[in-house]
Amino acid sequence: MTSGPFDINPLKTSWCPGCGNFPILEMLKSTFEKLGLSPADLVVVSGIGQAGKTPHYLKCNLFNGLHGRAIPLATAVKAVNPGLTVIAEGGDGDMYGEGGNHLLHAIRRNPNITVIVHNNMVYGLTKGQASPTSSRGFKTGIQVHGVVSEPFNPLAVAIALNASFVARSFAGDREETSRVLTRAIEHRGFALVDILQPCVTFNKINTFKWFKDHIEPIDAKHDTANRIAALELALRTGKLPVGIFYIDGERPAFEETLPVYEKSDEPLFVREPDMEEVRKILEEMK
Ligand SMILES: Cc1ncc(C[n+]2csc(CCOP(=O)(O)OP(=O)(O)O)c2C)c(N)n1
Ligand code: SF4
Ligand SMILES: [Mg+2]
């Protein structure tokens, strides 16, 4: 068996056979390789959920934090060591539900991280409750009469907040997903990639076939710098557009604007604390 730099052999996962997480894992590994990254250059941070287990199955640096907290952890990792490539991984419940507030404020800060959401429109790990992206009417053991809320639209929210890179792809389309992931990781600033991912066990509505029948590629003529056109695409009803919606290449990244990097580029993690400064702050607080 051939082995790539990000492979763990033998790979043992707790995912169900046929789960959409498998192609995402494979695409991540091949994208990291294509970008010439090494496991030491990379940190993959996650929260809790089936998607949140992804970094366990990758050979690289990883941090598995609390449910919904991958984004602030990833922001901090990038801020203290800007030389690393930092990815935050998670599910729709993790990133848009429990971690939703972090998503909003990270978009405002624009850290140079890539947020990858495995959007299977359900809570997989906890056995099939509705998530923020479940369709209205979706029946579960908890939502026995069907979901009554409008589904959360992550792309429209991200574009409205001027996220600097916004894209959606489908786990069943490896070529397009790999292209989107490559562009997202190369992008300087906050990148959101929502990947439509079937959960074969707990979501019998949004299956591989359903997604295939309900997606449509964004027109090649779409101008990714046009925010209003991107928002219109994100708000479109009917088929789900897939591809790159929006890119703002002008926004400075969070870590570039931090006052601690004004006088020196030396990463924070190698600096000695300035005890004189600490003493001054403590004195002022007395
Ligand atoms: C604070 C907190 N609340 C709730 C949970 C229980 N919990 C764990 S994962 C999860 C949702 C998982 O759904 P999603 O993020 O969509 O990931 P998936 O399993 O579908 O990949 C929930 C509610 C938890 N671990 N911690
Ligand atoms: S429960 Fe769903 S998301 Fe979790 S491993 Fe199984 S198919 Fe994948
Ligand atoms: Mg989910």
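The numbers here are math on the coordinates, done by the rules we state, and not lab data. The structure displayed is predicted, hence computed values, not measured ones. Note that we place each Cβ from the backbone using ideal geometry, even for glycine, and neighbour counts take in every protein chain shown.
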Legend entry - FRET efficiency for Asn162 and Tyr261, using Cβ-Cβ distance with R0 set to 25 Å, rounded to 0.05: 0.65
Legend entry - Cα shape, segment 21-285, gyration tensor, a/c 1.5 rule: prolate
Legend entry - Within the chain, helix-based [θ] at 222 nm, where runs of 4 or more DSSP H residues each add -39,500 (n - 2.57), nearest 500: -8500 deg cm²/dmol
Inset, instruction - Report the calculated FRET efficiency for Glu186 and Ser30 (r = Cβ-Cβ distance, R0 = 22 Å), to the nearest 0.05. - result: 0.90
Inset, instruction - In a Gaussian network model over the chain where Cα atoms closer than 10 Å are linked, find which of Ile195, Ile228, Ile244 has the largest mean-square fluctuation. - result: Ile228
Legend entry - Dipole axis of the chain (+1 Lys, Arg; -1 Asp, Glu on Cβ), positive-most option in His67, His102, Thr207: Thr207
Legend entry - For peptides 49-60, 232-243, sequence by mean Cβ density within 10 Å, most packed first: 49-60, 232-243
Legend entry - Highest-first arrangement of 138-146, 211-219, 103-111, where packing means the average Cβ count within 10 Å: 103-111, 211-219, 138-146
Legend entry - Rounded to the nearest 20 debye, dipole of the chain from Cβ charges on Lys, Arg, Asp, Glu: 1000
Inset, instruction - Could you pull out the GluC sites (Glu not before Pro) across segment 1-106 that fall in loop regions by DSSP (anything but H, G, I, E, B) with no more than 10 other Cβ atoms inside 10 Å? - result: none
Inset, instruction - Might you report the magnitude of the Cβ-based charge dipole of segment 99-232 about its Cα centre, with Lys and Arg at +1 and Asp and Glu at -1, to the nearest 20 debye? - result: 340
Inset, instruction - Report, in degrees rounded to the nearest 10, the 0 to 90 angle that the Cα long axis of helix 100-109 makes with the longest principal axis of the chain. - result: 50
Inset, instruction - Taking the Cβ of Asp92 as the centre, find all other residues whose Cβ is under 11 Å away and add up their charges (Lys, Arg: +1; Asp, Glu: -1). - result: -3
Legend entry - Computed E for Glu175/Arg108 - FRET, C-beta separation, R0 35 angstrom, nearest 0.05: 0.60
